[in-house]
Amino acid sequence: MKNAKEIATRAIILLCLSDRCALERTTIGGRVYTLKQRDEQRKAIYKWLQDKGYNTSLTLDEKLLFEQEVGKGNKDEILSKQIQYESIEPCLWSLGLVDKLSEYDRLVSEDFHPLLEIGGTHSLEKLLTKCRLRVFDDIVLQNEISMLWHWRTREANNSIFNLKPAKETIVSTFGRQYMQVIDSMQAFKNDQDDFIVNNKAFNDLNSEEMNRMKFIAQWRHHAFEWIVGDKAWDEVELNT
């Protein structure tokens, strides 16, 4: 399992990565910025990461993105990386910096800059004094929940969810040991036939909603799998 310093560092990098990706847009926060202004901000973010020593924890792809001038890469591909913002909250929850995890039916929209004290006076040592790493079993439970959500998105439109209650489908697929995980999930009530998203069965979602759910579950699962395991961020394998 990763320690508090590793988890906090990863959360900070992911937040800065989201900021870097956003610079590919002309309008940010309701204001229009020139290409030059946006690239100067890219340089400032990267320099901040270097000054604080976080650059040594970047993956190769992240390093290349921070070094790439704004407007020089594939805009859509870069912007798609912003979905990794979903990975931040699992890190912060594991550190005890947030009390409750968001449900899986919507994107996380909270601004984590103040919580992670991003800015000139930032100190990792000071931030770590506020962290209380949760017990391993509690994090593992959330990892299993994220895995089930990820699995369900991979089984989109699967007819098995119309044949018997979702709980029975999970138990027959993964074993009775998953009853504890099911009982801890907000998604299940009584004998419903499927995972419920915004009061709709997963199979009743449209393609856009399903795709959004897929990426939400994937990156939350990625974060928890990384936290409980011993692999590097870009080496995590997600099995469902």
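The values are calculated or read from the model by the stated rules, or taken from the named source; none is laboratory data. All values reported here derive from a predicted model rather than from experimental measurement. Reconstructed Cβ throughout: ideal geometry from the backbone, glycine too, with neighbour counts over all protein chains shown. Heads up: the accessible areas ignore ligands, DNA and RNA and are worked out on the full protein's heavy atoms, side chains in. Shrake-Rupley method; radii C 1.70, N 1.55, O 1.52, S 1.80 Å.
For the chain, what is the accessible area per residue in Å² when the probe is 1.4 Å?
The answer is 52 Å² per residue.
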key: Added length on full extension, which subtracts the Cα-Cα distance from 0.36 nm per residue, LEU238 to ASN74   = 56.4 nm
query = So how much slack lies between VAL140 and GLU208, counting 0.36 nm per residue of separation and subtracting their Cα-Cα distance, in nm?
reply = 21.5 nm
ask   = Hey, got the dipole for the chain? About the Cα centre, +1 on K and R Cβ, -1 on D and E Cβ, debye to the nearest 20?
value = 560
remark   = Under a 1.4 Å probe, counting only protein heavy atoms, MET185 has an accessible area in Å², nearest 10, of 10
ask   = Spin-label point model (7 Å from Cα, Cβ direction): what's the LEU107 to ASN198 distance in nm?
value = 1.2
note = With x for Gly and Pro, the residue-by-residue ³J(HN,Hα) of segment 41-57, computed from phi through the Karplus equation 6.51 cos²θ - 1.76 cosθ + 1.60 at θ = phi - 60° and given in whole Hz, is 5, 4, 4, 5, 5, 5, 5, 4, 4, 5, 4, 8, x, 7, 4, 6, 9
inquiry  = Using only the alpha-carbon atoms, what does segment 119-185 span along each of its principal axes? Please give whole angstrom values in decreasing order.
reply    = 57, 24, 13
remark   = With the dipole of the chain defined by +1 on each Lys or Arg Cβ and -1 on each Asp or Glu Cβ, the option from ILE145, TRP233, VAL32 whose Cα lies farthest towards the positive pole is VAL32
ask   = If the viscosity is 0.692 mPa s and the temperature 37 °C, what Stokes-Einstein diffusion coefficient in µm²/s follows for segment 1-92 when Rh is the Kirkwood radius over Cα pairs?
value = 241
query = Binning every alpha carbon pair distance of segment 113-158 at 5 Å from zero, what are the percents per bin?
reply = 5, 16, 14, 11, 12, 14, 13, 8, 4, 2, 0
note = Here the convex hull volume per residue of segment 1-52, taken over Cα atoms and given in Å³, is 75
query = Using the C-alpha gyration tensor of the chain, what are the square roots of 5 times its eigenvalues, in whole angstrom, with the largest one first?
reply = 34, 22, 14
inquiry  = Accessible area of segment 117-240 with a 1.4 Å probe: how many percent of it is carbon plus sulfur?
reply    = 44
note = Applying the gyration tensor rule to the Cα atoms of segment 167-240 (axes a ≥ b ≥ c; rounded if a/c under 1.5, else prolate if a/b exceeds b/c, else oblate), the class is oblate
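Whole number please: convex hull volume per residue, Cα atoms of segment 36-137, in Å³.
Enclosed volume per residue, from the Cα hull, is 141 Å³.
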task = Would you tell me the accessible area of ASP105, worked out with a 1.4 angstrom probe on the heavy atoms of the protein chains, in Å² to the nearest 10?
result = 20
